[in-house]
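Asker: First the structure, which I've put down as structure tokens, then a few questions once you've had a look.
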Amino acid sequence: MEKRKINIPWLFEMAWRDSRKNRSRLLLFISAIIFGIAALVAIYSFRYNLQNDINAQAATLVGADLVVSGNHPADATIKPLLDSLGDKRSEERTFVSMIYFPKSKGTRLVQVHALQGGFPYYGSLETIPVEAGKSFKNGEYALVDKTLMLQFNAHVNDSIKVGNITFLITGVLNKAPGQTGVSSNIAPVVYIPLQYLGQTGLSKKGSRIGYSFYYKYDTPVNMDKLVKKLDPRLDKAEMNYETIETRKENTGRSFGDLTRFLSLVGFIALLLGCVGVASAIHIYIREKIASIAIMRCLGVKASEAFLIYLIQIVGIGIIGSIAGAVLGTAIQHILPMVMKDFLPLTISTDISWMAIGQGIFLGIIISVLFALLPLISIRNISPLNTLRISYEDVNIVRDPLRWLVYILILLFVITFTYLQLDSWLASIFFTIGISIAFLILAFTAWLLMKLMRAFIQSSWSYLWRQGFANLYRPNNQTIILIVSIGLSTAFICTLFFIQGILINQVSLSSSGNQSNMILFDIQTSQEKAVADLTRQQKLPVLQQVPIVTVRLEKINGKTAADLKKDTTLKISRHAFSNEYRVTYRDTLTPTEKVIKGEWVGKADAGKEFPVSIEDNFSKRNHINVGDHLVFNVQGVSMPAVVGSVRQVNWNKIQTNFQVVFPAGVLEDAPQFHVLLTHVPSSKAVSKGSCTKIP
Amino acid sequence: MLDNINFSVAAGSTNAIVGPSGSGKTTLLGLCAGLDSSSSGIVELNNINLGKLSEDERAQVRNQYIGFIFQNFQLLPTLTALENVMVPLELRGEKNIRARSLDLLDKVGLADRGHHYPAQLSGGEQQRVSLARAFSNAPQILFADEPTGNLDAETSEKVVKLIFDLNKEAGTTLVLVTHDLELAAKTQRILRIKGGKLIADDKTVNA
């Protein structure tokens, strides 16, 4: 007998014919795909657009091709280099100072930017009037942040006093490159021309001034190569640099939590889709057993029967994926509107063909992969079902293909999870977790069936008896339903759980307990008065923190001079040059967690006192628990030992410190205080406190 | 289920397997038609030992040599009457399928119902479509499992007449499984089984 060849066109025709009366049955299957892929495409599109917009807008965020900055004036060794860079150059000094509004007699701590040159080269200082952004450099003019103008009821052509000089306000500053709403809220910005900085009297030896140099290249330059070359020299001169490329990376990173959460939403939606596909096809194929048996009886081979339904699944997978991609693209237009308050840049809503392509591809893959388990059982449907429908000879456990599909599904989940998490270990744990959840749910379903069989009493009413008996009768759907509903519920709960954690992390000012205003530079003599004033304004005093300025003198006996001599020492060059604002207290704050060593809140007299350092500080300077440090506290050397390393959540608006001293050491050191409060509107309070306590 | 049953069926003959419920009639039909494989013994069909064939090879044997009629018709519900008749021919890769299938539907009196789905047809009509399908691949042997079991007396009579007429016209071997002795008497030979054993093998007046 000659073997019959498989007639592919006929298989397609049969797939079409067979689907005719069942298309509504496939609604669950197709909707699982549509919603899963829609979520994925929407999120992928948003992510691509975000990345594109970061790339496109990074230049205007930096304002120049290269920015070099440091905490001290450029010395003779680095000056020639700084003067040789770029085709166009600008210079800026930044410092924090009190300014005075003569008209309203108000004072306010602000961030003064003294600027010279054509910066910004990309984007602009957005001002009202527009021309003020450039013209303020031509005289004793200033640009003042719009919130400040509002606070002090100031107008263009009013004046402000910065140090010894009175500047005419020539424009209201709406936006400057590199600034976000949050930073300007904490310290509003005032721009003045650099040539008048000396006359203000604020730029003296010892002043805390930031020095920035902005460069623009007229012809394209390989910045990566350039900064690699500059890096050692700038590092030696204790200067940092930023390029458009590094800004892109940093901005991208700062959206990490948001994009990761959105990825999780997409991933969960997709997993729900997978569960939906598997259960819908399982039920669909069960309903098809009779038809498959008839076909087998008429001479259709097992592989042909399998292919007929595979063609259907692929077809529906394609339709569902395309519909999902269209829906996702539509949803993607809504996402930037919902998130506009969190984002410092405008997100475009371009159609992302990459996201659509990925969505459709993934949709087809999951349609087939998660439909394969029920599909391969088609091969084992006996034609004898035409004579006896209850006849079942399928030995599920012994079918090697079934195990292959299980492995493929596991590999898919691991790989896809890896693409989201970027960690093989986490992906494997996640997959093991899902597998355990699957087994627990399957066992629960099995147990339920056993219990029902044992406990159903003939005395029960017909309704209850039959209702519960259906859970264990032949062709029941108990296992598939419990597993599907259970896994889906677990996924959705996970999503809400993570959402809760993230919202807690990012909620800056949603609750009255969360500070949204910091009053700083409060002198010890003013501390009580400011706290009283705050309470008088019916505002909560959330935290009062003493701050002491210190420098590091020695790390394990090594000084800055030793570091210059021995370049092999694993200590950051900035460790000794930086000033550290430290505090002292006897307890940890809720944003801190000790990860190494032991927290000591009070210093023992006569002993080397233990300080607690922040995790990144520890890593950057290779300082660990037990290391010996010597601090210079305003001229007084104070030896200390590292008692603990803390992990700090820097995302909240509150004071966090790289170094925390125990109580009982710094109480008498020169210090200032910070007060944290929560205000419904920053406008009224700032003015009141600035007037009463200048 | 079955114990020591030996018999052979001559080409072109009509045969009935009768017995009470649970006697093993359907099991015997399943084995003879290659729908099932036996744990021991030999089933030969057209000199092909079915026991030595794989499931797919038996499917090909069924498509090449066998026609089926079932008690509950077993039409594919998503295919029209005409498409149901066409399936065995399409599987064989034959030509002029539509015309030949329409001709068969005409023979069973359903030429004008070809585009109806099974759910739109009465029981008798469905069984007639099933008959047209069974004869579409010009089988050498036709297995019928209680072909009138789901039909009323009047319809049964018409269907039985059609089975025997078409069978005679095509010269097909017929094996009927039934517990309707009146129907069995219309064949040339009656095999009686009980408790899985062949208890009688009688020729009828039609032999």
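Asker: Note the angle between two axes, namely the Cα long axis of helix A:244-254 and the longest principal axis of the Cα atoms of chain A, as a number of degrees from 0 to 90, rounded to the nearest 10.
Answerer: Once rounded, the angle reads 60 degrees.
Asker: With each label point set 7 Å from Cα along the Cα-Cβ vector, what nm distance links residue A:157 and residue A:649?
Answerer: 5.1
Asker: Given +1 on the Cβ of Lys and Arg, -1 on the Cβ of Asp and Glu, and no further charges, what dipole in debye does the range A:39-161 carry about its Cα centre, rounded to the nearest 20?
Answerer: 380
Asker: Something else now. Helix A:27-62 against the longest principal axis of chain A: what's the angle in degrees, Cα atoms only, rounded to the nearest 10?
Answerer: 20
Asker: Here's something else I'd like to know. Helix A:353-376 versus the longest principal axis of chain A: what is the Cα-based angle in degrees, 0 to 90, to the nearest 10?
Answerer: For helix A:353-376, the angle is close to 40 degrees.
Asker: Provide a whole-number value for the mean count of partner chain Cβ atoms within 10 Å of the Cβ atoms in peptide A:287-298. Please report the intermediate quantities before stating the final value.
Answerer: Numbers: counts 0, 1, 0, 4, 6, 1, 2, 11, 4, 6, 10, 17.
So the per-residue partner count for this stretch is 5.
Asker: Still on this structure: Once neighbouring chains are kept in place and the probe is 1.4 Å, which whole percent of the accessible area of chain B is contributed by carbon and sulfur?
Answerer: 46
Asker: Run the numbers on chain A and let me know its relative contact order in percent, using alpha-carbon pairs under 8 Å that are six or more apart.
Answerer: Computed value for chain A: 15 percent relative contact order.
Asker: Continuing with this model, one more query. Would you mind giving the total buried accessible surface between chains B and A, with a 1.4 Å probe and ligands, DNA and RNA left out, rounded to the nearest 100 Å²? Walk me through the intermediate numbers first.
Answerer: Details: alone 10620 and 35860 Å², together 43510 Å².
Between B and A, the summed buried area is about 3000 Å².
Asker: Still on this model: By its C-alpha gyration tensor, with a ≥ b ≥ c as the square roots of the eigenvalues, how is the range A:20-77 shaped: rounded for a/c under 1.5, else prolate for a/b larger than b/c, else oblate?
Answerer: Values: a/c = 9.57, a/b = 5.64, b/c = 1.70.
Prolate.
Asker: Further question: Before rounding to the nearest 500, sum -39500 (n - 2.57) across all DSSP H runs of length at least 4 in chain B and divide by the residue total; then give [θ] at 222 nm in deg cm²/dmol.
Answerer: For chain B, the value works out to -11500 deg cm²/dmol.
Asker: When chain B is treated as a GNM, springs tying every alpha-carbon pair under 10 Å, which of B:16, B:170, B:132 comes out with the largest mean-square fluctuation?
Answerer: Taking springs between Cα atoms under 10 Å, the residue moving most is B:170.
Asker: Need one number: nm distance between label points at residue A:616 and residue A:636, each 7 Å from Cα along Cα→Cβ, rounded to one decimal.
Answerer: 3.1
Asker: Let's test the formula: R0 of 25 Å, r as the Cβ-Cβ distance of residue A:493 and residue A:337. What FRET efficiency results, to the nearest 0.05? Working shown, then result.
Answerer: Details: r = 28 Å, r/R0 = 1.11.
Calculated transfer efficiency: 0.35.
Asker: I would also like to ask the following. With unit charges on the beta carbon (Lys/Arg positive, Asp/Glu negative), name the residue among A:349, A:324, A:262 whose Cα is farthest towards the positive pole of the charge dipole of chain A.
Answerer: Most positive-ward Cα: A:324.
Asker: I've got another one for you. Between A:334, A:634, B:45, whose Cα lies farthest towards the positive end of the dipole of the protein assembly as shown when Lys and Arg beta carbons carry +1 and Asp and Glu beta carbons carry -1, centred on the Cα centre?
Answerer: Of the options given, the answer is A:634.
Asker: Moving to a separate point now. Tell me the relative contact order for the range B:69-207 as a rounded percent, counting alpha carbon contacts under 8 Å between residues six or more apart.
Answerer: Across the range B:69-207, relative contact order equals 24 percent.
Asker: For a label point 7 angstrom out from the Cα of residue A:350 toward its Cβ, which stretches of the range A:37-56 have the backbone nitrogen within less than 12 Å?
Answerer: Hits in the range A:37-56 for residue A:350 at 12 Å: A:48-56.
Asker: Can you give the mean number of other chain Cβ atoms that lie within 10 Å of the Cβ atoms in peptide B:56-63? Numbers along the way, then the final one.
Answerer: Values: counts 10, 4, 3, 12, 7, 2, 6, 6.
Mean shielding by partner chains, rounded to a whole number: 6.
Asker: Could you give the dipole magnitude of chain A about its Cα centre, charging the beta-carbon of Lys and Arg +1 and that of Asp and Glu -1, in debye to the nearest 20?
Answerer: 1460
Asker: Report the extension gain between residue A:579 and residue A:71 in nm, rounded to one decimal, defined as 0.36 nm multiplied by the number of residues separating them, less their alpha carbon distance.
Answerer: Contour length minus the Cα-Cα distance gives 181.9 nm.
Asker: Moving on. Other chains' Cβ within 10 Å of A:374-387 residues: what's the mean? Mind dumping the intermediate values first?
Answerer: Numbers: counts 0, 0, 0, 0, 0, 2, 1, 0, 5, 10, 8, 2, 8, 16.
Averaged over the peptide's residues, the number is 4.
Asker: Does any residue of the range A:1-37 lose at least 40 Å² of accessible area with all protein chains in place compared with its chain alone, and if so which ones (probe 1.4 Å)?
Answerer: A:1, A:4, A:10, A:17, A:20, A:21
Asker: Still on this model: Just name one of A:563, A:533, A:584: the one whose Cα is farthest towards the positive end of the charge dipole of the range A:526-594 (beta-carbon charges, Lys/Arg +1, Asp/Glu -1).
Answerer: Highest projection toward the positive end goes to A:563.
Asker: Going Cα to Cα from residue A:288, which aspartates and glutamates come in below 13 Å? Please leave out same-chain ones fewer than 8 positions away.
Answerer: Straight-line reach from residue A:288, under 13 Å: A:18.
Asker: Rounded to the nearest 0.05, what FRET efficiency do residue A:7 and residue A:31 give with R0 = 51 Å and r taken as the Cβ-Cβ distance? Could you check?
Answerer: E(calc), rounded to 0.05, equals 0.95.
Asker: Same structure again: Could you tell me the calculated FRET efficiency between residue A:287 and residue A:228, based on Cβ-Cβ distance and R0 = 41 angstrom, to the nearest 0.05? Kindly include the intermediate steps, with their values, before the conclusion.
Answerer: Values: r = 65 Å, r/R0 = 1.58.
Efficiency, rounded to the nearest 0.05: 0.05.
Asker: Let me ask something else. Between residue A:428 and residue A:447, with labels modelled 7 Å along Cα→Cβ, what's the label distance in nm to one decimal, could you check?
Answerer: Distance between label points: 2.9 nm.
Asker: Right, something else. Please list, or write none, the aspartates and glutamates whose alpha carbon is within less than 17 Å of the alpha carbon of residue B:95, excluding same-chain residues fewer than 8 places away.
Answerer: A:13, B:83, B:103
Asker: Residue A:415 label point, 7 Å along Cα→Cβ, cut-off 14 Å on backbone N: hits in the range A:351-380?
Answerer: Residues A:361-370 qualify, since their backbone N sits under 14 Å from the label point.
The values are calculated or read from the model by the stated rules, or taken from the named source; none is laboratory data. These numbers come from a predicted model, not from an experiment. Neighbour counts run over all protein chains shown; Cβ positions are idealised from the backbone, glycine included. Remember, those area values only see protein heavy atoms, side chains included, never the ligands or the DNA or RNA. Shrake-Rupley method; radii C 1.70, N 1.55, O 1.52, S 1.80 Å.
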